[in-house]
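Novice: Submitted below is the structure of interest, expressed as structure tokens.
The values are calculated or read from the model by the stated rules, or taken from the named source; none is laboratory data. Owing to the predicted nature of the structure, the values given are computational and were not obtained by experimental measurement. Glycine also receives a Cβ, built like all others from the backbone with ideal geometry; neighbour counts cover every protein chain displayed.
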Amino acid sequence: MIGKIKNFNFESLLILNTFALIVTSYFFNNFILIGVFTLFFFISLLTTKNGLGIIRKLNLFQNIRTEGPTSHYKKNFTPTMGGIFMIIPFLIFLLIIAVNLGSLKLFLLLMAIFGFFITGLLDDYLSIKNKENKGLKAKEKFTLQSIISIIFIFLAYKNNLINPLITVSESWGINISYFILPISFLMLVGISNSVNLTDGLDGLAAGCSGIVFYGLGTEILMKEQQELFVFSILCYSMSGICLGFLKYNCYPAKIFMGDTGSLSIGAIMGSIAILTDSIFTLSIFSGVFIIESVSVMIQVSFFKITKKLCHRGKRLFLMAPLHHHFELKGVKEKKIVENFWKINILLVILGIVLKINL
């Protein structure tokens, strides 16, 4: 059915997501869910709209990398760092809830997200200051992400907030003991960087993130654990924030989220999944992000191996991440994004179906 929709644009995604949330709210007999989504959708619309003017006044414009597709050169000087107007409202909301509930889980979540937010903000600032698409070096960014992740995981594990049992369904789980620590690290750093890599086409990362947050919020509700309800609320608020931002980020984008947004969004997904024992399902929901990231690793590895064997590096894809490969194949940017959204919706449906039937 989804595949037959020719013009699956922002409005289509918003309507589908809202309808799904209404059904979910009715099924769980809790209309706070659709209320939270709606509230943060409009907050995001307002903050992004007003933030555009601030960014233009401060001359915070995107510098397009020269090695990317030539069609992207026209995006030069598009306002960036829009993630500020997505993540700050969420952090304020999270802080209010954490203080009111006095929850260590929520304070750790706040710490991790804030750390990734500052990392992304610094990366974007240096990129603008240097007047080229180069902010923090890859090693510097990874080091900061690693330090934040290790502190978060250590404190959470020490306080028994991480379940060493990877839950596939209510009746099936795998006890991986201490291996949960490196898996949690890969989840947090990996998803954060994967969202960052996916943020290369107008509306791609924001749209997919809105879909994933809906799926993650629903999966957490299905656990029927009262203490986890607040995390589903946080997921639905982020779904609203992403789709509110998408209004100005979809093709042709009036604003980019930058690393400030993409690194933080991935960190929110990863850290919530770790704290709610949703690692398995998030791995399915985030299939688009993971494939994008894997395509880069395959491209780099293939190039290095062939260079060593053939003395000339070869490429498996025309360009990585994968969305650039399709661009260079002649597929229109808007169509690539819409198809990736559709795939992500199917992945969320798959994850929920597996959760119910396994």
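Novice: Step by step: first the residues of region 221-264, then only those that are β-branched (Val, Ile, Thr) and closer than 25 Å to LEU204 by Cβ, then the one that is surrounded by the most Cβ atoms within 10 Å (Cβ to Cβ). Which residue is that? Break it down into steps so the answer makes sense when it comes.
Specialist: Step one: filter region 221-264 for residues β-branched (Val, Ile, Thr), giving 230, 233, 241, 255, 260.
Now narrow it down to the ones that are closer than 25 Å to LEU204 by Cβ: 241, 255, 260.
Details: ILE241: 31, ILE255: 26, THR260: 28.
Among those residues, the one meeting the criterion is ILE241.
Novice: Something else about it: Within region 313-358, how many residues are of a type in the set (A, V, I, L, M, F, W, C), over 20 Å from THR198 (Cα atoms) and assigned to a loop (DSSP other than H, G, I, E, B)? Walk me through how you get there before you give the answer.
Specialist: We begin by selecting, within region 313-358, every residue of a type in the set (A, V, I, L, M, F, W, C); these are 316-320, 322, 326, 328, 331, 336-337, 340-341, 343, 345-350, 352-354, 356, 358.
When the remaining residues are screened for being over 20 Å from THR198 (Cα atoms), the result is 349-350, 352-354, 356, 358.
Subset that is assigned to a loop (DSSP other than H, G, I, E, B): 358.
The number of residues fulfilling the criteria is 1.
Novice: If you check every pair at least six apart or on different chains, which have Cβ atoms under 6 Å apart with a residue in region 24-53 that is in contact (Cβ under 8 Å) with a residue 60 or more places away in the chain first and a residue that is part of a loop (DSSP other than H, G, I, E, B) second?
Specialist: LEU52/ILE255
Novice: Same structure, new question: Return the total of residues in region 164-210 being among the polar types (S, T, N, Q) and surrounded by 18 or more Cβ atoms within 10 Å (Cβ to Cβ). Give the steps one after another, and end with the answer.
Specialist: Within region 164-210, the first condition is being among the polar types (S, T, N, Q), and the residues that meet it are 167, 169, 171, 175, 177, 184, 192-194, 196, 198, 209.
Next, from what is left, pick out any that are surrounded by 18 or more Cβ atoms within 10 Å (Cβ to Cβ): 167, 184, 192-194, 196, 198, 209.
Count: 8.
Novice: Any idea how many residues of region 308-323 are crowded, with 21+ Cβ neighbours inside 10 Å and either at pLDDT below 90 or under 22 Å from LEU246 (Cα atoms) (or both)?
Specialist: Summing the residues that are crowded, with 21+ Cβ neighbours inside 10 Å and either at pLDDT below 90 or under 22 Å from LEU246 (Cα atoms) (or both) in region 308-323 gives 3.
Novice: Only residues that are part of a loop (DSSP other than H, G, I, E, B) and either among the basic types (Lys, Arg) or farther than 30 Å from LEU221 by Cα (or both): list them for region 118-177, please. Give the derivation first.
Specialist: Kept after step one, since they are part of a loop (DSSP other than H, G, I, E, B), are these residues of region 118-177: 131-137, 159-164, 170-171, 176.
Passing the criteria: LYS131, GLU132, ASN133, LYS134, GLY135, LEU136, LYS137.
Novice: Out of everything in region 84-104 that is small (Gly, Ala, Ser) and free of Cβ contacts under 8 Å to residues at least 60 places away in the same chain, what residue ends up being farthest from MET269 (Cα to Cα)?
Specialist: So in region 84-104, the residues small (Gly, Ala, Ser) come out as 98, 102-103.
Then drop every residue that is not free of Cβ contacts under 8 Å to residues at least 60 places away in the same chain, which leaves 98, 102.
On the way: ALA98: 18, GLY102: 22 Å.
Among those residues, the one meeting the criterion is GLY102.
Novice: Residue under question is LEU95, and the condition is that it be surrounded by 20 or more Cβ atoms within 10 Å (Cβ to Cβ) and under 19 Å from LEU234 (Cβ atoms); does it hold?
Specialist: Working: surrounded by 20 or more Cβ atoms within 10 Å (Cβ to Cβ): no; under 19 Å from LEU234 (Cβ atoms): yes.
No; evaluated as a whole, the condition is false for this residue.
Novice: Need at least 1 residues that are over 29 Å from ASN357 (Cβ atoms), acidic (Asp, Glu) and within 15 Å of the chain's Cα centre (by Cα) per element, so show me which helices (runs of 4 or more DSSP H) inside region 187-289 make the cut, counting only ones lying wholly within it. Walk me through it before giving the result.
Specialist: Values: elements: 204-222, 229-249, 258-275, 279-285.
By residue number, 258-275.
Novice: Sticking with this one: If we keep just the residues of region 293-307 that are surrounded by fewer than 16 Cβ atoms within 10 Å (Cβ to Cβ) and of a type outside the set (A, V, I, L, M, F, W, C), which is modelled with the lowest pLDDT?
Specialist: Here the residue is LYS307.
Novice: Among the residues of region 272-282, are any surrounded by 16 or more Cβ atoms within 10 Å (Cβ to Cβ), among the small types (Gly, Ala, Ser) and at negative phi?
Specialist: yes
Novice: Next question, about the same structure. Do you know which of the residues in region 10-23 that are touching a residue at least 40 places away in the same chain (Cβ under 8 Å) and out of contact with any Leu (no Cβ under 9 Å at 6 or more places or on another chain) is surrounded by the most Cβ atoms within 10 Å (Cβ to Cβ)?
Specialist: Filtering region 10-23 down to residues touching a residue at least 40 places away in the same chain (Cβ under 8 Å) leaves 10, 13-14, 16-17, 20-21.
Okay, now just the ones that are also out of contact with any Leu (no Cβ under 9 Å at 6 or more places or on another chain), so 16, 20.
Working: LEU16: 17, ALA20: 19.
Filtering first and then ranking leaves ALA20.
Novice: Out of LYS158, LYS139, report the one residue that is free of Cβ contacts under 8 Å to residues at least 12 places away in the same chain, within 30 Å of ILE255 (Cα to Cα) and surrounded by fewer than 20 Cβ atoms within 10 Å (Cβ to Cβ).
Specialist: Values: LYS158 fails: within 30 Å of ILE255 (Cα to Cα).
Exactly one residue qualifies, and that residue is LYS139.
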